[in-house]
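The block underneath contains the structure these notes are about, expressed in C-alpha cells.
The values are calculated or read from the model by the stated rules, or taken from the named source; none is laboratory data. Since this is a predicted model, take the numbers as computed values, not measurements. Cβ placement follows ideal geometry from the backbone for every residue including glycine, while neighbour counts extend to all protein chains displayed.
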Amino acid sequence: MRQVPRLAWLMARAFTGSRPAAVVAVVGCLAALAPSALTRSVYSSPDGDGMVVLARWRPALEIALAVLVLVPFAALFGFLGSLVFPDGGVLAVVLSAYAPVVWVLVGGAVISVSGSAVGVSPVGDETPRGRRWQLAALAQRPGTRLSAVLLARRLVEDLPAGDVVVAAAGDDALLDAYVRAGFTPGEGRRVYRTV
C-alpha cells in the first residue's frame, strides 16, 4: 500500500501525454489501483520504472473493493468540506462529499482522451474457459523501456499451467505487442493466452 501513490503517478505519466494531464489523472489512477493493491495484485519492476496488475478475474470483487475504497474518501472529503464550509449549503456539500467521484471521473476522462483507456471487458465469448487472470495497467515510466513488459512476462510464466490470462489492449500497437508475446487476439482488442 505504501507504493500505491508512486505507482499511481507512474501510471498517470505513462497513460497521459504531459505532466499537467498526469496531475489531473493521478487521482483516478489512485482509485483504479487501490482495489488491486488491497488484493496484492499490483507489481512493480525491480528498477521502479514499470508496473503491472495481474489479478484473478473477479469483476464482482473488484467493484465491491472500488466501492469500499471510494466511500471512505467521500466521507473524508465531506468532513473536510464541513470544516472549510461550516455554514454548509448545497454547493459546499456537493463539492466536499463528491469531490473524490469528480476527480476519478475527470482523471478517467483525461486518460480516455489520451487514447490509453480501453473501456472494453477483457473477457468475451472467444475467451477459453478455466481459471482466468487479468493483466492490466501495464505502465512504463516515460523515457524508459521494457521493465513493465519483462515483469508481465515473468508473472505470466509463473502462473499454473492451464490458466488463462486475459487483457484488453489500449491501442493497436499494444495489441500487436500482445500477439508477439503469444496472446491470441479476440474482438475489440481483447487478447488471451492459455499458460
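Numbers below:
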{"read-out": "Where a residue in the stretch 14-26 is β-branched (Val, Ile, Thr) and its partner, wherever it lies, is part of a helix (DSSP H, G or I) and modelled with pLDDT of 85 or more, with Cβ under 6 Å and at least six apart", "value": "16/22; 26/8; 26/9; 26/12"}
{"read-out": "In the stretch 128-158, the residues that are on the phi < 0 side of the Ramachandran plot, buried (at least 16 other Cβ atoms within 10 Å of the Cβ) and among the aliphatic types (A, V, I, L, M)", "value": "135, 136, 138, 139, 148, 149, 151, 152, 155, 156"}
{"read-out": "Boolean, residue 116 is surrounded by 16 or more Cβ atoms within 10 Å (Cβ to Cβ), closer than 19 Å to residue 149 by Cα and at pLDDT below 70", "value": "yes"}
{"read-out": "Number of positions in the stretch 1-25 that are β-branched (Val, Ile, Thr) and closer than 26 Å to residue 57 by Cβ", "value": "1"}
{"read-out": "Some residue of the stretch 10-33 being surrounded by fewer than 20 Cβ atoms within 10 Å (Cβ to Cβ), assigned to a helix (DSSP H, G or I), touching a helix residue (DSSP H, G or I) at 6+ places or on another chain (Cβ under 7 Å) and aromatic (Phe, Trp, Tyr)", "value": "no"}
